[in-house]
1. Kindly indicate which of 61, 105, 113 is farther than 28 Å from residue 132 by Cβ and among the polar types (S, T, N, Q).
2. Could you give me the residue pairs with C-beta distances under 7 Å whose first residue belongs to region 88-99 and is over 12 Å from residue 115 (Cα atoms), whose second residue is in a loop (DSSP other than H, G, I, E, B) and at pLDDT below 95 wherever it lies, and which are 6+ apart or on separate chains?
3. Take the conditions without any contact (Cβ under 8 Å) to a residue 24 or more places away in the chain, within 27 Å of residue 29 (Cβ to Cβ) and not in a loop (DSSP other than H, G, I, E, B) and apply them to residue 131. Does it pass?
4. Which number in (1) over 14 Å from the mean Cα position of the chain (by Cα); (2) farther than 18 Å from residue 7 by Cβ; (3) among the hydrophobic types (A, V, I, L, M, F, W, C) marks the one condition that residue 138 misses?
5. Of all strands (runs of 3 or more DSSP E) completely enclosed by region 1-78, which ones contain at least 2 residues that are more than 15 Å from the chain's Cα centre (by Cα), surrounded by fewer than 16 Cβ atoms within 10 Å (Cβ to Cβ) and not aliphatic (A, V, I, L, M)?
6. Only residues in region 11-38 that are touching a residue at least 24 places away in the same chain (Cβ under 8 Å) count as the first member; pair them with residues that are crowded, with 16+ Cβ neighbours inside 10 Å and among the polar types (S, T, N, Q), Cβ under 7 angstrom, at least 6 apart or cross-chain, and list the lot.
7. Does region 107-114 contain at least one residue that is in a loop (DSSP other than H, G, I, E, B), under 15 Å from residue 5 (Cβ atoms) and β-branched (Val, Ile, Thr)?
8. Across region 124-142, what is the number of residues that are farther than 16 Å from residue 68 by Cα and surrounded by fewer than 17 Cβ atoms within 10 Å (Cβ to Cβ)?
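The values are calculated or read from the model by the stated rules, or taken from the named source; none is laboratory data. Just so it is clear, the structure is predicted and the values come from calculations on it, not from any experiment. Glycine gets a Cβ as well: all are built from the backbone with ideal geometry, and neighbour counts include every protein chain shown.
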Amino acid sequence: MNPFGIAWIQLETFSHATEDIEKVKVLLSKFFSYDITFIQNKTYGHFGNEIIMVKVELTKNREIKDFISNFLSIVNKDYLLETIEKRIDEDGVLFIRMSKERVYNDDFIIDDNGDILLSMKFVTYPKNRERVIENGKLLFHN
């Protein structure tokens, strides 16, 4: 496992029928310094409109380390450190949201109402939320 105990990372958003799915994929690619594989799932909105969920899952240490390195260079780490306790659930998952529109314009501001969801699973033995918070603080302090 990587030094911060991250088991997996997921980055996901959606593409409405009015959006170009390829542009949504390019948007998510901005978080990576290497080629990625997208997982797509089709669903339907309340009025029957098609929605495609687009997700990237990282489980390999090398992918996670590369993602973290890139992510730390584009995000406001100070804000993450200030809000980290409210972003980590009881299972050790850190949640960060960003706006598709902002990311499209290379503005990687954390937006708690955003439609891009980044989830990061920290693992501690035994399971301990406080240790997860400490690991998250160490990660974003670098």
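1. 105 is the lone residue from the list that is farther than 28 Å from residue 132 by Cβ and among the polar types (S, T, N, Q).
2. Here the result reads 92/123; 92/124; 92/127, each pair linking region 88-99 to a residue that is in a loop (DSSP other than H, G, I, E, B) and at pLDDT below 95.
3. Here the answer is no, as residue 131 does not meet what is asked.
4. That leaves (2) as the condition not met.
5. 39-44
6. Hits for this filter: 21/15; 24/13; 24/15; 28/13.
7. Taking every residue of region 107-114 in turn, none turns out to be in a loop (DSSP other than H, G, I, E, B), under 15 Å from residue 5 (Cβ atoms) and β-branched (Val, Ile, Thr).
8. 9
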